[in-house]
Structure formats: structure tokens, C-alpha cells
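Trainee: Starting off with a structure, shown below.
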Amino acid sequence: MDAEREIRVSRDKLNILRVGGLIKRGGLSFMDVVNLIPKDQYLQQRASHVLIHTLEYHKYEPSKKEIIALTNLLKQKGMIEGAYRNILRTLDELDAYPEEVEGFLFDYCSTAMTNLTRPLAIRAFSIPIAFKIGVKYPDLLKELRELLHGIAEEDGVSVQSRKRDYLKRIDKLLP
């Protein structure tokens with residue numbers, strides 16, 4: 001089956017869910033969809049959206065190699081912001097990340113959550129990912145707490161909500 005052709009059938013949610021189901025059942029490869037993301041703007045949005053639903057609705061469990069490949073897409077410059085958002089949202093569905101990408105991912109999320117030029121959704125999805133990594137490394141959790149305290153009270157509602165939630169979680173874990 002051709003992943004690009006299946007994604008281009010329609011841009012509606014039903015097709016996105018259908019393609020996610022094909023990945024879960026083995027009809028399409030998760031990596032084929034990951035590799036489509038940087039191809040063009042349409043695929044950046046749609047292919048990355050498919051991955052969210054593959055994990056969220058179809059409970060697909062990506063391999064270490066697949067998680068690393070998806071994370072490495074965050075290093076690519078020039079994609080639309082929606083692709084970065086969808087990649088972060090997909091990664092947010094995971095409970096843990098391979099050690100090989102934890103440092104990069106924590107740094108990426110730390111920078112994104114405090115960069116006022118990034119869209120609110122990117123900044124908001126960065127917070128739980130950084131937290132999940134920080135739980136393994138108390139020094140990073142302390143750093144995350146400081147970053148969250150530095151987010152202005154006037155910031156967007158989604159960022160403020162996560163800021164409050166994750167500061168409470170951090171305070172329960174750290175003295």
C-alpha cells in the first residue's frame with residue numbers, strides 16, 4: 001500500500017483515522033508516514049496528523065527506532081508550525097522516550113515553551129514532554145520548574161493551564 005496515496009484520498013478526519021488504522025493493522029508502515037512529513041506542506045500537516053490518531057485512537061506503540069525518527073523531524077527547519085505541533089502532540093501520547101533523544105527533546109521543549117514567537121499549541125505541548133523527561137532526572141525537573149515560573153501570567157490560557165498543572169506535579173516530586 002502507498003502511504004502518500006492513502007493520506008491524499010481525503011483530508012477529513014475519517015480518512016485520517018482510517019490511515020491510522022492501516023498502520024495499526026500493518027497495512028502501512030509508521031516509518032513510511034514519518035518519512036512523508038517533510039515532503040510538502042500538505043503532507044506535513046496530514047501525515048503528522050495521522051500519527052497522532054495512530055497512537056491516540058488506535059493505541060499503536062511505536063518502536064524505539066520510530067520514536068527517534070519522529071523526534072529527529074523536530075530538527076528539520078522550514079516545516080509549517082502545524083507539523084511541529086502535531087509531532088509534539090504525537091510524542092505527548094508516549095510515556096517515555098529513548099535515552100538517545102531525551103537531551104535533545106528536553107532542550108527543544110524548554111526552548112519552545114519559553115519562546116513567545118512559537119505558537120501557543122507548540123509551547124503548551126512542550127510542557128508535558130519536558131516533564132516526562134524531567135521525572136527521570138531531578139536536576140532537569142528543577143530546571144523545568146524555573147522555566148515554568150518564568151512564563152508570564154499574561155501568556156495564553158493553554159500554556160497557563162499546563163504551567164499550573166505541572167508546577168503542582170513538580171512540587172509533589174521535589175522538596
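Trainee: Which is of a type in the set (S, T, N, Q) and either at pLDDT below 95 or touching a helix residue (DSSP H, G or I) at 6+ places or on another chain (Cβ under 7 Å) (or both), of Thr117, Thr111?
Mentor: None of the other options fit; the residue is Thr117.
Trainee: Okay, next question. Only one residue in Lys75, Lys59, Lys64 is at pLDDT 95 or above, of a type in the set (Lys, Arg) and more than 30 Å from Lys142 (Cβ to Cβ). Which one?
Mentor: Matching residue, one of Lys75, Lys59, Lys64: Lys59.
Trainee: Suppose we keep only residues that are small (Gly, Ala, Ser) and open to solvent by 40 Å² or more (accessible area, probe 1.4 Å) within the stretch 152-175. Which one would you say is nearest to the chain's Cα centre (by Cα)?
Mentor: Ser158
Trainee: Continuing with this model, one more query. Does Ala69 qualify as being hydrophobic (A, V, I, L, M, F, W, C), in contact with a Gly (Cβ under 9 Å, 6 or more places away or on another chain), part of a helix (DSSP H, G or I) and surrounded by fewer than 19 Cβ atoms within 10 Å (Cβ to Cβ)?
Mentor: no
Trainee: What is the number of the single condition among (1) within 18 Å of Phe131 (Cα to Cα); (2) without any contact (Cβ under 8 Å) to a residue 24 or more places away in the chain; (3) not small (Gly, Ala, Ser) that Leu88 does not meet?
Mentor: For Leu88, the exception is condition (2).
Trainee: Just to be sure I understand the filter: pairs with C-beta atoms under 9 Å, separated by 6 or more residues or on different chains, first member in the stretch 109-136 and farther than 17 Å from Asp155 by Cα, second member among the polar types (S, T, N, Q) and at pLDDT 95 or above. Which pairs pass?
Mentor: Ala130/Ser110
Trainee: Also: Looking only at the stretch 143-175, how many residues end up being out of contact with any Leu (no Cβ under 7 Å at 6 or more places or on another chain) and of a type in the set (A, V, I, L, M, F, W, C)?
Mentor: Going through the stretch 143-175 one residue at a time, the tally reaches 5.
Trainee: Among the residues of the stretch 42-94, write down those that are of a type in the set (S, T, N, Q) and closer than 16 Å to Ala3 by Cα.
Mentor: Gln44, Gln45, Ser48, Thr54
The values are calculated or read from the model by the stated rules, or taken from the named source; none is laboratory data. On a predicted model such as this, the values are computed, not experimentally measured, just so you know. We place every Cβ from the backbone using ideal geometry, glycine too, and count neighbours over all the protein chains shown. Each accessible area value is taken on the protein alone, full model and side chains, heavy atoms only, with ligands, DNA and RNA left out. Shrake-Rupley method; radii C 1.70, N 1.55, O 1.52, S 1.80 Å.
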